[in-house]
Amino acid sequence: MAAALLSLIGCAGAVPSLGVRDGRLVACPASPNCVSSQAGDERHRIAPLAYTGAADLAFGKLKELLRRRSDTRIVEEREGYLRVEFHTLLFVDDSEFLLDRKGSAIQVRSASRLGYSDLGKNRSRMEEIRREFGKS
């Protein structure tokens with residue numbers, strides 16, 4: 001029983017090195033378990049979160065939306081940047097949000113820590129956040 005529990009805890013994986021480099025989020029790996037609004041290929045590409053009005057208000061709205069989610073933990077917060085962990089029963093996904101004031105958008109990246117395929121979970125979660133973000 002203890003061995004099984006330890007193997008499940010191991011599903012969280014090591015925290016990846018992420019962040020902003022040269023004004024961009026880290027690129028997705030070749031595996032299909034990642035989406036990014038800054039990806040150059042269609043397999044990984046997802047639209048950023050578009051907003052109208054004040055950038056800081058839009059980013060604040062996103063932070064509040066994420067804080068209300070039961071599966072989300074904000075692990076890093078800087079001006080115009082958020083890094084969050086999304087927790088499912090066994091796995092952790094790492095996501096980032098970067099405020100793009102010039103483009104009136106919030107750039108997004110979300111990837112599974114472990115495995116090759118996420119069965120579309122990161123994409124569907126980002127689309128769910130997009131719908132919630134656009135409601136108000």
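The values are calculated or read from the model by the stated rules, or taken from the named source; none is laboratory data. Just so we're clear, the structure is a prediction, and the values are computed from it rather than from any experiment. FYI the Cβ positions are ideal-geometry reconstructions off the backbone, even for glycines, and counts take in every protein chain you see.
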Requested in this report: Please go through segment 99-128 and pick out each residue that is within 13 Å of TYR51 (Cβ to Cβ), over 10 Å from the mean Cα position of the chain (by Cα) and among the hydrophobic types (A, V, I, L, M, F, W, C).
Outcome: LEU99, ALA105, ILE106
Report task. Six or more apart or on different chains, Cβ under 9 Å: which pairs go from a residue in segment 19-35 that's touching a residue at least 12 places away in the same chain (Cβ under 8 Å) to one that's assigned to a loop (DSSP other than H, G, I, E, B) and of a type in the set (Ser, Thr, Tyr)? Could you list them? Result -> LEU25/SER37; VAL26/SER17; SER31/TYR116; SER31/SER117; PRO32/TYR116; PRO32/SER117; ASN33/TYR116; ASN33/SER117
Report summary line: Picked from segment 87-104 (must be of a type in the set (A, V, I, L, M, F, W, C) and over 21 Å from GLY40 (Cα atoms)), the residue surrounded by the most Cβ atoms within 10 Å (Cβ to Cβ) is PHE91
Query raised in the report: Only one residue in LEU119, LEU82, LEU114 is within 17 Å of PRO16 (Cα to Cα) and at pLDDT below 95, so which one is that?
Result: LEU114
Report summary line: Among residues of segment 105-129 being touching a strand residue (DSSP E or B) at 6+ places or on another chain (Cβ under 6 Å) and not in a strand (DSSP E or B), the residue surrounded by the most Cβ atoms within 10 Å (Cβ to Cβ) is ASN122
Requested in this report: Output the residues belonging to segment 1-60 that are at pLDDT below 95, in a helix (DSSP H, G or I) and farther than 20 Å from SER117 by Cα.
Outcome: ALA2, ALA3, ALA4, LEU5, LEU6
**Report entry** Residue, nearest to GLY120 (Cα to Cα), within segment 69-103, restricted to residues that are in a strand (DSSP E or B) and among the hydroxyl-bearing types (Ser, Thr, Tyr)
**Finding:** SER95
Query raised in the report: Do we find a residue being surrounded by fewer than 21 Cβ atoms within 10 Å (Cβ to Cβ), farther than 24 Å from LEU57 by Cα and not small (Gly, Ala, Ser) anywhere in segment 77-86?
Result: no
